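J.: Just dropping this structure here.
The values are calculated or read from the model by the stated rules, or taken from the named source; none is laboratory data. Model, not experiment: these values are computed from the prediction. So basically every Cβ, Gly included, is an ideal-geometry build from the backbone, and we count neighbours across all protein chains shown.
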Amino acid sequence: MTRIDIIARDDMNAEQASAYDAAKEAGDPLGGPFYAYIRIPDLFQKSQDMRNCLGAGPLSGRERQIVLLVVSRHWDARYPWFAQSRNGLKIGLDREIIDAINARQTPELSDERERMCFVVASELLSTRKLSDATYAAAEAVMGENDLVALVAATGQFVMTCCTANAFDVDPPEDQPVPLLP
């Protein structure tokens with residue numbers, strides 16, 4: 001059960017309601033960790049802005065989705081995993097890729113950039129840094145700007161997963177790919 005009360009729109013103060021309404025109108029997410037963030041409307045808005053900036057950034061949808069799946073799996077974050085596995089299927093990631101990440105295995109990725117996204121996110125999470133060899137390979141494959149976006153996407157989604165885990169935000173029952181134990 002979610003530890004944090006979900007504030008109904010009618011119970012929000014003016015600042016919360018304004019941030020919520022703007023996000024709803026823009027089609028931004030309102031659930032998951034955003035249930036917590038709405039308590040601090042500026043944090044709610046800034047987290048939406050960061051998410052949107054990275055979503056419109058240089059990583060392809062598939063590349064970014066691989067990163068978000070790796071981070072969700074690393075943190076065993078149930079709500080983020082639900083949302084990102086659903087989004088991955090929606091944008092055309094093969095179920096085998098999602099299942100491999102869920103099983104903590106290396107997925108078969110024929111695209112060099114997608115493979116590098118998996119490697120960089122996995123190494124950052126497991127070692128808290130990048131080895132010289134991984135950094136050199138990532139810079140060669142991604143280029144410096146796209147590598148910055150890759151690292152930022154990894155870190156930004158750590159915050160999402162930590163928030164979801166801290167407040168035990170529950171995913172819906174109808175998960176397309178349940179998180180493995």
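Okay, residues lined up against (1) on the phi < 0 side of the Ramachandran plot; (2) under 17 Å from the mean Cα position of the chain (by Cα); (3) acidic (Asp, Glu); (4) at pLDDT 95 or above:
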| position | (1), (2), (3), (4) |
| --- | --- |
| Val141 | yes, no, no, yes |
| Glu144 | yes, no, yes, yes |
| Thr154 | yes, yes, no, yes |
| Leu179 | yes, yes, no, no |
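J.: Separate question: Failed condition for Gln84, given (1) farther than 20 Å from Gly55 by Cα; (2) in a helix (DSSP H, G or I); (3) free of Cβ contacts under 8 Å to residues at least 24 places away in the same chain, with all others met?
T.: Unmet for Gln84, out of (1) farther than 20 Å from Gly55 by Cα; (2) in a helix (DSSP H, G or I); (3) free of Cβ contacts under 8 Å to residues at least 24 places away in the same chain: (1).
J.: Kindly provide the set of residues from the range 91-106 that are surrounded by fewer than 19 Cβ atoms within 10 Å (Cβ to Cβ) and not in a helix (DSSP H, G or I), ordered by number.
T.: Ile91, Gly92, Asp94, Ala103, Arg104, Gln105, Thr106
J.: Do any residues in the range 122-145 that are in contact (Cβ under 8 Å) with a residue 24 or more places away in the chain have Cβ atoms under 7 Å from those of residues that are charged (D, E, K, R) and not in a loop (DSSP other than H, G, I, E, B), where the two are at least six apart or on different chains, and which pairs are they?
T.: Taking only residues 6 or more apart or on different chains, the pairs are Val141/Glu112; Val141/Arg113; Met142/Arg113.
J.: Also, I was wondering about something else. Return yes when Met116 is in contact with a Cys (Cβ under 9 Å, 6 or more places away or on another chain), free of Cβ contacts under 8 Å to residues at least 40 places away in the same chain and either surrounded by 20 or more Cβ atoms within 10 Å (Cβ to Cβ) or not hydroxyl-bearing (Ser, Thr, Tyr) (or both) and no when it is not. Working first, answer last.
T.: Numbers: in contact with a Cys (Cβ under 9 Å, 6 or more places away or on another chain): no; free of Cβ contacts under 8 Å to residues at least 40 places away in the same chain: yes; either surrounded by 20 or more Cβ atoms within 10 Å (Cβ to Cβ) or not hydroxyl-bearing (Ser, Thr, Tyr) (or both): yes.
Spelling it out, it is not the case that Met116 is in contact with a Cys (Cβ under 9 Å, 6 or more places away or on another chain), free of Cβ contacts under 8 Å to residues at least 40 places away in the same chain and either surrounded by 20 or more Cβ atoms within 10 Å (Cβ to Cβ) or not hydroxyl-bearing (Ser, Thr, Tyr) (or both).
J.: If we keep just the residues of the range 9-30 that are surrounded by 14 or more Cβ atoms within 10 Å (Cβ to Cβ) and without any contact (Cβ under 8 Å) to a residue 12 or more places away in the chain, which is nearest to Tyr79 (Cα to Cα)?
T.: Top of the filtered list is Leu30.
J.: A further question follows. Test each condition in (1) of a type outside the set (D, E, K, R); (2) in a helix (DSSP H, G or I); (3) in contact (Cβ under 8 Å) with a residue 60 or more places away in the chain for Gly57 and report the one that comes out false.
T.: Only one criterion is unmet by Gly57, namely (2).
J.: Could you list all residues from the range 130-154 that are in a helix (DSSP H, G or I), among the small types (Gly, Ala, Ser) and farther than 19 Å from Asp111 by Cβ?
T.: Ala133, Ala136, Ala152 - these are the residues of the range 130-154 that are in a helix (DSSP H, G or I), among the small types (Gly, Ala, Ser) and farther than 19 Å from Asp111 by Cβ.
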